[in-house]
1. Along region 125-140, what does the Karplus equation 6.51 cos²θ - 1.76 cosθ + 1.60 (θ = phi - 60°) give for ³J(HN,Hα), rounded to whole Hz, x for Gly and Pro?
2. So with the 1.4 Å probe, I'd like the accessible area per residue for the chain, rounded to whole Å².
3. With the full set of protein chains in place, find how many percent of the accessible area of the chain is carbon and sulfur; take the probe as 1.4 Å.
4. Under 20 Å from a point placed 7 Å out from the Cα of Thr141 along the Cα-to-Cβ direction: which residues of region 157-174 have their backbone N that close?
5. Starting from one equal scatterer on each C-alpha and no solvent at all, send me the Debye-based log10 I(q)/I(0) for region 37-98 at q = 0.15, 0.22, 0.26, 0.30 Å⁻¹, two decimals.
6. Quick one: plug the Kirkwood hydrodynamic radius of region 1-121 (C-alpha pairs) into Stokes-Einstein at 37 °C, 0.692 mPa s, and report D in µm²/s.
7. Any idea which of Leu78, Ala45, Thr143 is furthest toward the positive side of the dipole for the chain, if Lys and Arg beta-carbons carry +1 and Asp and Glu beta-carbons -1?
8. Determine the equivalent ellipsoid of region 53-159 by diagonalising the alpha-carbon gyration tensor, then write out the semi-axes as square roots of 5 times the eigenvalues, largest first, rounded to whole Å.
Amino acid sequence: DETTVTVDVTDPVTTIALDEDSDSATVGDWITLTGDVTVTGTSEAGATVVLTLNWGTSGAVDYDITADAATGDWAQALTLTEGAHTLVAYATDIAGNGHPMEGTFNLVVDQTAPTAPVFGLDPLTDSGDTGDGITNSLNQTITGTAEAGTLVELFVDGTLLDTVIADADTGAWS
């Protein structure tokens, strides 16, 4: 009678992503408009993945997930409140080898519309009374502020003239 023994000393490698159907605007930026999201990933086939939501806080919640026995794919639906949520995943294979993710992932649920941008003529292209919106310059520069990192669209008489991303730190744009 022969017995086969498999020795497995390799830690499982685990990936994590926000499902594209849960993501909004820029896929892969971990910012979403909806609180109902699905986090997906892959690990070693049959591994147990522990996904920790709000890792490092007193409100941390662990989800035990079994990776598919054939593909290693896994998924977890989450219902989240507005704000930032830190996620980390740790996988243990069927031999007991365990390995955490490299780093944490910060998922942001942003359901609040940005405030309207503030804008006006740049003082260098504003003739006459500064701030009155009247100029004799044919080449104006419009400047303003908006929520940091947001897309600002500038329309003139209903026609899109230009788009710009507000500065990621200050919200300034021109």
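1. For region 125-140, the Karplus-derived couplings read 10, 9, 8, x, 6, 4, x, 7, x, 10, 8, 9, 7, 7, 10, 8 Hz, x marking Gly and Pro.
2. On the way: 10920 Å² over 174 residues.
For the chain, the solvent-accessible area averages 63 Å² per residue.
3. Details: 5740 of 10920 Å².
Carbon plus sulfur share of accessible area: 53 percent.
4. 161-174
5. Debye output, listed in q order: -0.45, -0.85, -1.07, -1.26.
6. Details: Rh = 16.0 Å.
Answer from the Stokes-Einstein relation: 205 µm²/s.
7. Highest projection toward the positive end goes to Thr143.
8. Numbers: eigenvalues 551, 42, 32 Å².
Semi-axes (√(5λ), whole Å): 52, 14, 13.
The values are calculated or read from the model by the stated rules, or taken from the named source; none is laboratory data. None of these values were measured; they are calculated from a predicted model. Heads up, the Cβs are rebuilt from the backbone with ideal geometry, glycines too, and the neighbour counts pull from every protein chain shown. Note: accessible area is taken over every heavy atom of the protein model, side chains too, but ligands, DNA and RNA are not part of it. Shrake-Rupley method; radii C 1.70, N 1.55, O 1.52, S 1.80 Å.
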